[in-house]
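Contents: one structure, followed by commentary.
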């Protein structure tokens, strides 16, 4: 049998080898750095209209949240400064991508947006939910898609794109951003409001007379993206997101920002 001293000696030799397999990703390839930051700065879009992922301080304008944390970590690894641009809707982010002024964005995965953006796998899963007046006869998600039912959504949001494809009989009413969904539902006496479950829950606490339907009508897969035509950046971004999930970075950020109800997405393929 090995003596205790000999065992300690072998462990000392093995530890550096074991730790070498637990380090972070390899250095960023120069081609990826050049594609991520063609101006020398990582230009990042933050959609603070999605309260699960980001927030904008009303007094200072400062942005914070899970997406901000991920962007800063990516910029640190690239060795470049980061510049944030805040948007209050996902649709405006997509419009800005077309102008060539953004390098990284945080959006829900949608096939229509994939014409402009190369996505990573999802890093967070968020539920899309319906809100209805307390007296509404609608009791389940399956009862929403009926003639005469008007569903108010934030224009250009992931759930707008999803419901545009899925709803056959109900009518979609679009408002400027998700923060207006509940107020429009009440003021115009509409039948249903659709949005991110956490956002609706927060709004309903301030707006009596409404209730959420049980369950969800969709799972929103939030991902990082970069404009199409940057293959090296897209490859690295996919690896980066997988590591951020696997190491607990995303889970810790959700906890730090006191986000409830959002789930860390499973490992991508």
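Considering each residue of segment 247-263, count those that are farther than 18 Å from residue 74 by Cα, at pLDDT 90 or above, in contact with a strand residue (DSSP E or B) (Cβ under 9 Å, 6 or more places away or on another chain) and not in a loop (DSSP other than H, G, I, E, B), and give that number.
Adding up the residues that qualify gives 0.
Given the criteria surrounded by fewer than 17 Cβ atoms within 10 Å (Cβ to Cβ), modelled with pLDDT of 90 or more and either assigned by TED's automatic domain parsing to the domain that holds residue 208 or touching a helix residue (DSSP H, G or I) at 6+ places or on another chain (Cβ under 9 Å) (or both), does residue 131 qualify?
It is false that residue 131 is surrounded by fewer than 17 Cβ atoms within 10 Å (Cβ to Cβ), modelled with pLDDT of 90 or more and either assigned by TED's automatic domain parsing to the domain that holds residue 208 or touching a helix residue (DSSP H, G or I) at 6+ places or on another chain (Cβ under 9 Å) (or both).
Go through (1) under 28 Å from residue 184 (Cα atoms); (2) over 20 Å from the mean Cα position of the chain (by Cα) and name the single condition residue 81 misses.
Here residue 81 meets the rest and fails (1).
Pull up segment 142-155, narrow it to residues that are surrounded by fewer than 17 Cβ atoms within 10 Å (Cβ to Cβ) and under 27 Å from the mean Cα position of the chain (by Cα), then point me to the one that is farthest from residue 216 (Cα to Cα).
Filtering first and then ranking leaves 150.
When you check residue 69 against the structure, is it in contact with a helix residue (DSSP H, G or I) (Cβ under 6 Å, 6 or more places away or on another chain) and assigned to a strand (DSSP E or B), yes or no?
Here the answer is no, as residue 69 does not meet what is asked.
Can you tell me which residue is nearest to residue 140 (Cα to Cα) among those in segment 199-216 that are at pLDDT below 95 and crowded, with 19+ Cβ neighbours inside 10 Å?
Per the criteria, the residue is 200.
Out of the residues in segment 216-246 that are in a loop (DSSP other than H, G, I, E, B) and touching a strand residue (DSSP E or B) at 6+ places or on another chain (Cβ under 8 Å), which is farthest from residue 51 (Cα to Cα)?
Checking each candidate, the answer is 230.
Within segment 44-55, take every residue that is crowded, with 21+ Cβ neighbours inside 10 Å and in a strand (DSSP E or B) and give me the one that is farthest from the chain's Cα centre (by Cα).
44
Look through segment 97-114, keep the residues that are in contact (Cβ under 8 Å) with a residue 12 or more places away in the chain and farther than 15 Å from residue 224 by Cα, and return whichever of them is nearest to the chain's Cα centre (by Cα).
112
Condition first: in contact (Cβ under 8 Å) with a residue 40 or more places away in the chain and in a loop (DSSP other than H, G, I, E, B). Now tell me which residues in segment 142-162 satisfy that.
If the condition is that a residue be in contact (Cβ under 8 Å) with a residue 40 or more places away in the chain and in a loop (DSSP other than H, G, I, E, B), then 144, 148, 149, 155, 156, 157 are the ones that fit.
Hey, among 165, 139, which residue is surrounded by fewer than 16 Cβ atoms within 10 Å (Cβ to Cβ) and in a loop (DSSP other than H, G, I, E, B)?
That would be 139, the only listed residue that is surrounded by fewer than 16 Cβ atoms within 10 Å (Cβ to Cβ) and in a loop (DSSP other than H, G, I, E, B).
Look at segment 72-100 and say how many of its residues are in contact with a helix residue (DSSP H, G or I) (Cβ under 8 Å, 6 or more places away or on another chain) and either not in a helix (DSSP H, G or I) or not assigned by TED's automatic domain parsing to the domain that holds residue 34 (or both).
The total comes to 9.
Looking only at segment 188-197, decide whether some residue is in contact with a strand residue (DSSP E or B) (Cβ under 7 Å, 6 or more places away or on another chain), surrounded by fewer than 22 Cβ atoms within 10 Å (Cβ to Cβ) and at pLDDT below 95.
Within segment 188-197, one or more residues are in contact with a strand residue (DSSP E or B) (Cβ under 7 Å, 6 or more places away or on another chain), surrounded by fewer than 22 Cβ atoms within 10 Å (Cβ to Cβ) and at pLDDT below 95.
The values are calculated or read from the model by the stated rules, or taken from the named source; none is laboratory data. Model, not experiment: these values are computed from the prediction. Cβ: placed from backbone, ideal geometry, glycine included. Neighbour counts: every protein chain shown.
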